[in-house]
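Working notes, beginning with the structure itself.
The values are calculated or read from the model by the stated rules, or taken from the named source; none is laboratory data. Just so it is clear, the structure is predicted and the values come from calculations on it, not from any experiment. Here the Cβ positions follow ideal geometry from the backbone for every residue, glycine too, while neighbour counts run over all protein chains shown. Accessible surface areas use protein heavy atoms only, side chains included; no ligands, DNA or RNA. Shrake-Rupley method; radii C 1.70, N 1.55, O 1.52, S 1.80 Å.
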Amino acid sequence: METSHGICRIAVALGETHSRVLLEQLDHWQEYLALVNMILFCSGIPGHYPVSETTSSLTLTFWYTLQDDILSFEEEKQAVYLQVYRPVYFQLVDVLLQKSHYPSEEEYTSWSSDDKEQFRIYRVDISDTLMYVYEILGSELLSKLYDGLGRQLMDPQQSGVWQDTEALLFGFQSIAETIDVNYSDVIPGLIGLLPRINISNLMLADTVMYTIGSLAEWLADHPVMLSSVLPMVLQGLEKEELSVSSVSTLKRICRECRHNLSPCAQDILTVSQTVLLKNLHKSSQCMWLMQALGFLLSALPAEEILSGLHSLITPHIQQLDALAHQEPNASNKQSIMHILGMLSNLFSTLDISTHSEVSEGAASLRLTPSQRPPNPVVVVLQQVFPLIQTILGKWLCDSEVVEAVCGVFDKSVRTLLYDFGPMVPQLCEMLGQMYGAIAGGSPRGATEPFSDVLLNLNRHCPALLPRWLNESLQAAGFPAAQVSAEQKQSFIQQLLREQTNKRRMKETVMEFSQLCRGLQGSGYSKY
């Protein structure tokens with residue numbers, strides 16, 4: 001193995017370093033082609049990387065170099081080189097797909113976690129190479145993959161080899177992730193083949209999910225095909241082992257195809273709610289799933305959004321209510337932050353502004369904010385606000401919980417923009433609640449998250465912010481007896497100056513919180 005590794009290293013170094021010079025030696029093109037074929041053999045050296053061979057990975061950068069040099073020549077020379085080397089690149093595709101094969105499940109289970117991670121990275125490198133090779137092979141590469149997949153799935157004798165099917169899908173996904181395949185004539189056929197795949201094998205199922213996700217933009221332009229693949233995604237969503245691939249794919253579909261999902265919206269909501277209540281997915285995937293559902297709800301008819309929203313979040317609000325009335329402990333904290341995070345992620349994508357303009361036309365643009373129907377997100381925020389106050393009252397000394405609470409409002413402001421106006425009175429209460437504890441000695445970190453909310457309010461509700469700041473801070477002795485009316489006014493003016501600088505806003509909020517604590521120093525002279 002060491003000998004072949006060394007020979008391969010020499011061949012690759014020679015080919016990479018002198019590629020252009022060797023290409024220009026037209027009288028010796030056969031000798032250089034022999035060297036290229038030698039490197040091709042090294043790319044496909046038998047064995048599974050990295051367990052039984054480590055040589056093939058050395059060759060991948062050579063194929064980039066050769067392709068770049070070929071495409072750098074003027075058109076006439078380029079055509080000559082392509083005639084010689086395109087067949088080599090087609091062979092390379094076969095080699096790379098073969099090398100990307102998973103071993104048998106039994107063998108793969110015996111691999112160490114380090115071997116599995118190296119193999120994953122190796123497949124990413126292969127994926128990048130296939131994507132790059134598309135530039136030289138074009139649509140014929142997709143046709144080659146599609147033809148191979150068709151043979152796999154239509155021939156009963158071949159369909160049992162799941163690794164072959166997975167590798168071909170892996171090739172498709174590699175290209176579709178970065179190349180615009182919207183005009184490819186093989187994608188409809190590919191979508192038609194996907195339901196034929198048995199996704200009982202988890203590694204194959206994972207790649208099926210990612211392949212569907214890579215075609216989300218194409219599906220948005222061809223919504224009639226959604227019914228072919230969406231059931232597979234929802235089936236994957238119910239398997240814990242497919243958590244990352246199925247949730248990320250559903251999110252992409254809901255983002256790109258949301259205006260065409262009304263017929264299946266209830267199915268998506270039902271399955272999603274089921275898996276959320278069963279706690280099948282880790283916290284990060286739950287956040288992605290809530291983002292997906294935010295996109296989905298955004299495009300529903302106006303009268304269905306609020307009912308869908310209530311149906312989705314009611315069980316979680318009930319759980320949050322129970323947690324809010326329990327004594328603080330580490331377990332409760334994680335559960336509270338998880339639910340608040342889910343709400344934040346849901347509200348970050350539930351944007352009905354475009355939806356209302358599409359559905360109501362120019363008439364919607366003539367309505368003032370006070371004439372518009374209440375935004376569903378605002379309705380929900382107003383309903384859960386007393387609960388959030390209860391949580392804040394018990395957890396104000398925990399900066400992580402305070403950050404999670406502020407995250408709900410921060411994400412909402414970014415999405416709602418001026419529609420956030422009706423929430424301003426409640427935020428006044430929250431501000432008072434936070435700063436009145438500051439005077440009592442709550443930790444420094446408790447006010448930092450609130451600066452993001454203030455910054456976004458100042459950016460998106462500049463007419464409202466001055467009014468509610470003045471209203472909330474005008475009471476004598478609030479938020480602390482040692483803060484004068486002049487200092488409060490100076491604080492308000494400082495806040496209103498900042499619409500873009502996050503760091504300065506945090507400094508301003510922190511300095512005022514220190515002032516409320518009775519801390520004096522040159523840093524606070526502006527007040």
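Among the residues of the stretch 195-210, is any crowded, with 22+ Cβ neighbours inside 10 Å, at pLDDT below 95 and out of contact with any Pro (no Cβ under 7 Å at 6 or more places or on another chain)? So far as the stretch 195-210 goes, yes, one or more of its residues are crowded, with 22+ Cβ neighbours inside 10 Å, at pLDDT below 95 and out of contact with any Pro (no Cβ under 7 Å at 6 or more places or on another chain).
Going by what's in this entry, would GLN67 be described as modelled with pLDDT of 95 or more, open to solvent by less than 20 Å² (accessible area, probe 1.4 Å) and over 28 Å from the mean Cα position of the chain (by Cα)? It is true that GLN67 is modelled with pLDDT of 95 or more, open to solvent by less than 20 Å² (accessible area, probe 1.4 Å) and over 28 Å from the mean Cα position of the chain (by Cα). Note on the stretch 1-42: among residues that are open to solvent by less than 90 Å² (accessible area, probe 1.4 Å) and among the polar types (S, T, N, Q), the one that is nearest to LEU96 (Cα to Cα) is ASN37. Residues of the stretch 77-93 that are over 37 Å from the mean Cα position of the chain (by Cα) and of a type in the set (Ser, Thr, Tyr): TYR81, TYR85. Just to be sure, is SER57 surrounded by 13 or more Cβ atoms within 10 Å (Cβ to Cβ) and under 30 Å from LEU149 (Cα atoms)? Spelling it out, SER57 is indeed surrounded by 13 or more Cβ atoms within 10 Å (Cβ to Cβ) and under 30 Å from LEU149 (Cα atoms).
Among the numbered conditions (1) surrounded by 12 or more Cβ atoms within 10 Å (Cβ to Cβ); (2) under 37 Å from the mean Cα position of the chain (by Cα); (3) farther than 24 Å from GLU140 by Cβ, the only one that PRO46 does not meet is (1). Entry remark, the stretch 249-283: residues being within 20 Å of PRO315 (Cβ to Cβ), open to solvent by less than 60 Å² (accessible area, probe 1.4 Å) and in a helix (DSSP H, G or I) number 11 in total. Tell me yes or no: at least one residue of the stretch 175-182 is open to solvent by 20 Å² or more (accessible area, probe 1.4 Å), assigned to a helix (DSSP H, G or I) and not small (Gly, Ala, Ser). No, the stretch 175-182 has no match at all. Annotation: PHE512 fulfils all but one of (1) at pLDDT below 80; (2) surrounded by 21 or more Cβ atoms within 10 Å (Cβ to Cβ); the unmet one is (1). Note on the stretch 115-149: residues that are over 15 Å from SER57 (Cβ atoms) and of a type outside the set (Lys, Arg) total 18.
Hey, can you tell me all the residues within the stretch 333-342 that are closer than 12 Å to VAL405 by Cβ and open to solvent by less than 10 Å² (accessible area, probe 1.4 Å)? Selection gives ILE336, ILE339, LEU340.
Within the stretch 92-106, one or more residues are open to solvent by 10 Å² or more (accessible area, probe 1.4 Å) and hydroxyl-bearing (Ser, Thr, Tyr).
Are any residues in the stretch 1-53 within 27 Å of GLU117 (Cα to Cα), touching a helix residue (DSSP H, G or I) at 6+ places or on another chain (Cβ under 7 Å) and free of Cβ contacts under 8 Å to residues at least 40 places away in the same chain, and if so, which ones? Once the filter is applied, which keeps residues that are within 27 Å of GLU117 (Cα to Cα), touching a helix residue (DSSP H, G or I) at 6+ places or on another chain (Cβ under 7 Å) and free of Cβ contacts under 8 Å to residues at least 40 places away in the same chain, the stretch 1-53 yields ILE39, CYS42.
Listed by position, the helices (runs of 4 or more DSSP H) enclosed by the stretch 333-442 that each have at least 1 residues that are modelled with pLDDT under 80 are 353-360, 362-365, 424-439. Can you find a residue that is more than 25 Å from HIS222 (Cβ to Cβ) and either hydroxyl-bearing (Ser, Thr, Tyr) or in contact with a helix residue (DSSP H, G or I) (Cβ under 9 Å, 6 or more places away or on another chain) (or both) anywhere in the stretch 172-188? No, the conditions are met nowhere in the stretch 172-188. Take the residues in the stretch 314-332 that are out of contact with any Lys or Arg (no Cβ under 6 Å at 6 or more places or on another chain) and assigned to a loop (DSSP other than H, G, I, E, B); name whichever of them is surrounded by the fewest Cβ atoms within 10 Å (Cβ to Cβ). Applying the filter and picking the extreme gives GLU327. Filtered by the rule that a residue be open to solvent by less than 40 Å² (accessible area, probe 1.4 Å) and in a loop (DSSP other than H, G, I, E, B), the stretch 485-500 gives a lone residue, GLU498.
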